[in-house]
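Chemist: I have a structure I would like to understand better, so I am pasting it below and will then ask my questions one at a time.
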Amino acid sequence: LAGMIVTVLIQSSSGTTVLTVGLVNAGFMTLRQSIGVIMGANIGTTITAFIIGFDIGAYALPILGIGAILLFFFKEKRITNIGLTIFGFGALFFGLELMSSGLKPLRDLQAFHDLTVSMSDNPILGAVIGTVFTIVVQSSSATIGILQSLMLEDAIQLKAALPVLFGDNIGTTITAVLASIGATIAAKRAALTHVIFNVIGATIVITFIHFYTIMMEHIQAALELNPAMTIAFAHGIF
């Protein structure tokens, strides 16, 4: 629960796991305690995808405006901290809106069409792409947001998107691994827990990706979900 709540508040599972590795390294947490927090962080990070699925991007600029007013026109520390949080949320969703519009040309790019067909036929390729991309940008929330944008623009199908989604979850573990370099054995084990947890989870789901895709298509139809919310549900259930 602590891992979930902290991740929802800071909108970064990487931040929570790095914080946890640091606490284990300093001796404030045991390895056993850290495992629960890391598992909770993986659940908490799915909330970002649900927020994006609600199309909050349409209200990104007003949210930015409210945050800016609280941040720049008040002196009290608590109010400016709240303003900073609101401003950060607004900036996150405004950035995703910009990315979404910037990704529109991909729909007409033949090379991208060929790649999505390859990912549909070979889920491991999709998982590798998701892993590498998340390692590069150091944020699974950002890469999942991009995936949702591609789905909304009808540039990628669910069958090709799901392996990339699970690859994102593997890629996000690199941050904790980097944080554990030069740390204590317990901190290294905490980082390894994150890697093992995500790799095993992704491997199990990718093994049964055909059935998972069918299940998600049924859920999408039953709940009348938009493409972005379908990805959010797929991530949350995973």
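Chemist: Between (i) 13.9; (ii) 12.4; (iii) 16.8, which matches mean projected area of the Cα convex hull in nm² calculated for the structure shown?
Modeler: Read-out from the structure maps to (i).
Chemist: Cα centroid distance between region 160-190 and region 1-41, in Å?
Modeler: Using only Cα atoms, the two centres lie 13 Å from each other.
Chemist: Here's something else I'd like to know. Per the helix-only calculation at 222 nm, which mean residue ellipticity applies to the chain, given -39500 (n - 2.57) for every DSSP H run of n ≥ 4 and division by its residues, nearest 500 deg cm²/dmol?
Modeler: Theoretical 222 nm ellipticity from helices: -26000 deg cm²/dmol.
Chemist: What Kirkwood hydrodynamic radius do you get for region 155-215 when you take the inverse of the mean 1/r over all pairs of distinct Cα atoms, in Å?
Modeler: About 12.8 Å for region 155-215.
Chemist: Additional query: For the pair Thr80/Ile196, report the inter-label distance in nm, with labels modelled 7 Å from Cα in the Cβ direction.
Modeler: With each label point 7 Å from Cα toward Cβ, the separation is 4.5 nm.
Chemist: Filter the chain for me: DSSP H helices, axial length by Cα at least 24 angstrom, mean Kyte-Doolittle hydropathy not below 0.0. List them by residue number.
Modeler: On the way: long enough: 77-102 (37 Å, 0.89); 185-207 (32 Å, 1.44).
Helices meeting the span and hydropathy rule in the chain are 77-102, 185-207.
Coordinate-derived values only; no laboratory data. None of the values given here were measured: they were computed from a predicted structure. Cβ sites come from the backbone with ideal geometry, for glycine too, and all protein chains shown count toward neighbours.
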